Amino acid sequence: MKKLFTFLCLFLTFFSLTSSICYGEELENNKFTLNPLPYDYDALEPYIDKETMILHHDKHQKAYVDNLNNAISKYPELYSKGLEGLLTNVDSLPSDVKQTIINNAGGVYNHEFFWSIMAPEQPGVPMGDISKVISKTFGSFDDFKTRFKIAAINRFGSGWAWLVSDKEGNLSIISTANQDTPITQGLIPIIGIDLWEHAYYLKYQNKRGDYIDAWWNTVNWDQAQRNYEAVVAPR
Ligand SMILES: [Fe+2]
């Protein structure tokens, strides 16, 4: 028993040291970090290719994390607000870094959300309450997809298309420019698609519509349901 305890202590000590080597600086300085993807880079094949996922996560999202930490370094008290605290109180941000924080905290938040709302081997259609609410709001799931795609196609330049809920559980489709987020508008994202060319250009070139059509196969409707439940759950 004593040997087992000693082994566990050594294991935990080693794990702790390893973690501090990898992430110690971020933890000590309370910086924002690049979280790993919740699945393998090739998990969303054939709809989203491995090379796109590597670049998207390791280069583009990392740049948002780094730029956010650089912008916030003058104001270390802002770290404690977290991403949502920063993005839901943008008017209180220091003016010299306000837009940089909006862009890059938004970039980190949106991408974390994006990874969460996709998963391999998905059914392609919603289940549960979210399915009923979508049909009730938009007529049918197919009608919803059509309207969502129009919003996504019509987003000029870079941005996102979202299915969002207000605080009463009413659904709507919106699109945001650049890295603006629904939470800054007081809305809760249920699903969302990245419309920056870095999200699809390697595989789909300029055919954003083809990327959107393929993306439906990756949507994690269980997570969408959980996102909606968090809005309408009794408080
Ligand atoms: Fe992106």
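Does ASP49 satisfy the criteria of being open to solvent by 40 Å² or more (accessible area, probe 1.4 Å) and either at pLDDT 95 or above or of a type in the set (Gly, Ala, Ser) (or both)? Taking the combined requirement at face value, the residue does not satisfy it.
Going through region 196-218 one residue at a time, which ones are within 17 Å of HIS56 (Cβ to Cβ) and open to solvent by less than 20 Å² (accessible area, probe 1.4 Å)? Result: ALA199, TYR200, TYR211, ILE212, ALA214, TRP215, THR218.
Just one of the numbered conditions (1) in contact with an Asp or Glu (Cβ under 9 Å, 6 or more places away or on another chain); (2) within 16 Å of ASP180 (Cβ to Cβ); (3) open to solvent by less than 60 Å² (accessible area, probe 1.4 Å) is not true of HIS56: (2).
Per-residue answers, yes or no, for (1) touching a helix residue (DSSP H, G or I) at 6+ places or on another chain (Cβ under 7 Å); (2) part of a helix (DSSP H, G or I):
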{"position": "ASN67", "(1), (2)": "yes, yes"}
{"position": "TYR79", "(1), (2)": "yes, yes"}
{"position": "GLU84", "(1), (2)": "yes, yes"}
{"position": "THR100", "(1), (2)": "yes, yes"}
{"position": "TYR109", "(1), (2)": "yes, yes"}
{"position": "TRP115", "(1), (2)": "no, yes"}
{"position": "PRO120", "(1), (2)": "no, no"}
{"position": "ASP129", "(1), (2)": "yes, yes"}
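One residue stands out among those in region 169-183 that are farther than 21 Å from GLN223 by Cβ and in contact (Cβ under 8 Å) with a residue 24 or more places away in the chain: the one that is nearest to the ligand (Cβ to nearest atom), which is ASN178. The set of residues in region 204-229 that are within 14 Å of the ligand (Cβ to nearest atom) and of a type in the set (Lys, Arg) contains only ARG208.
Let's see how each residue does on (1) farther than 14 Å from PHE113 by Cα; (2) open to solvent by 40 Å² or more (accessible area, probe 1.4 Å); (3) more than 16 Å from the ligand (Cβ to nearest atom):
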{"residue": "THR146", "(1), (2), (3)": "yes, yes, yes"}
{"residue": "LEU163", "(1), (2), (3)": "no, no, yes"}
{"residue": "LYS167", "(1), (2), (3)": "yes, yes, yes"}
{"residue": "GLN185", "(1), (2), (3)": "yes, yes, yes"}
{"residue": "ILE193", "(1), (2), (3)": "no, no, no"}
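The values are calculated or read from the model by the stated rules, or taken from the named source; none is laboratory data. Fair warning: this is a prediction, and the values are worked out from it, not measured in the lab. Please note: Cβ atoms are built from the backbone with ideal geometry, for glycine as well, and neighbour counts cover all protein chains shown. SASA here: full protein model, heavy atoms, side chains in, ligands and nucleic acids out. Shrake-Rupley method; radii C 1.70, N 1.55, O 1.52, S 1.80 Å.
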